[in-house]
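The values are calculated or read from the model by the stated rules, or taken from the named source; none is laboratory data. For clarity, every value in this text was computed on a predicted model and none was experimentally measured. Cβ sites come from the backbone with ideal geometry, for glycine too, and all protein chains shown count toward neighbours.
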């Protein structure tokens with residue numbers, strides 16, 4: 001992915017982010033220790049903001065790191081944040097740390113995805129859930145959303161598919177609203193076009209003796225139903241665009257039967 005710079009200048013770009021965050025010029029000015037007049041001048045091009053001012057406004061507007069670089073370029077400044085490839089030598093320590101984390105989470109499933117849900121790393125327990133899927137879904141670059149919701153992917157195995165699909169759609173919609181990502185929007189448009197199976201086949205509720213604290217993923221595997229709740233972690237205060245867009249998803253067993261089954265496989 002590359003940083004795309006608009007030819008409209010930094011002012012209209014900042015205004016677009018402010019409106020997206022539903023802040024008035026006065027509200028942004030108060031947060032950024034500025035004035036509504038100055039914010040207005042910046043947005044209309046009457047005042048050229050300093051590099052520091054662009055970064056300060058971007059911080060208070062919660063602009064993603066990739067787009068902060070675009071704002072700086074539009075303002076006539078060099079990008080502040082690097083964008084390394086995952087196999088770059090300078091990310092060697094990160095790769096080793098991720099590998100240790102994924103191995104340490106076994107026998108429970110865990111994976112790492114980028115900003116458009118391309119799978120960049122996964123542990124062996126993820127392979128357990130993917131057994132029997134067609135090769136075209138597992139050929140790199142694999143996409144977690146495509147694998148989960150494709151009619152030939154995990155979708156036919158997910159017992160609460162409509163609920164889980166709704167959760168994933170809402171998650172992507174929030175991310176698209178947060179960051180302008182053409183790649184993520186393309187994935188969203190693809191998976192929303194997948195047909196849903198008949199409700200009778202996938203939406204029959206099962207009696208549940210365990211109270212869940214979060215929506216579970218209930219998925220069939222080898223004649224049994226495994227239940228998981230998902231947790232997503234990101235890196236704190238990243239200084240690299242690639243690292244900022246990584247997310248680690250771990251699937252926590254949601255009932256004792258799932259715990260026992262996964263531990264029996266690892267023993």
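Points to keep in mind about this one:
- Test for residue 79: is it within 22 Å of residue 247 (Cβ to Cβ) and either surrounded by 14 or more Cβ atoms within 10 Å (Cβ to Cβ) or more than 19 Å from the chain's Cα centre (by Cα) (or both): no
- Residue count for the range 83-108, restricted to those that are surrounded by fewer than 14 Cβ atoms within 10 Å (Cβ to Cβ), at pLDDT below 95 and touching a helix residue (DSSP H, G or I) at 6+ places or on another chain (Cβ under 9 Å): 2.
- Residue selected from the range 9-39 under the condition closer than 23 Å to residue 70 by Cβ, free of Cβ contacts under 8 Å to residues at least 60 places away in the same chain and in a loop (DSSP other than H, G, I, E, B), by the criterion farthest from the chain's Cα centre (by Cα): 34
- Here 107, 151, 134, 156 are screened, and the one residue that is out of contact with any strand residue (DSSP E or B) (no Cβ under 7 Å at 6 or more places or on another chain) and under 16 Å from residue 265 (Cα atoms) is 107.
- Answer residue from the range 226-267, given it is within 13 Å of the chain's Cα centre (by Cα), more than 15 Å from residue 121 (Cα to Cα) and without any contact (Cβ under 8 Å) to a residue 40 or more places away in the chain and is surrounded by the most Cβ atoms within 10 Å (Cβ to Cβ) among those: 230
- Whether a residue is closer than 27 Å to residue 17 by Cα, modelled with pLDDT under 95, within 13 Å of the chain's Cα centre (by Cα) and surrounded by 12 or more Cβ atoms within 10 Å (Cβ to Cβ) was assessed, and residue 177 does not pass this test.
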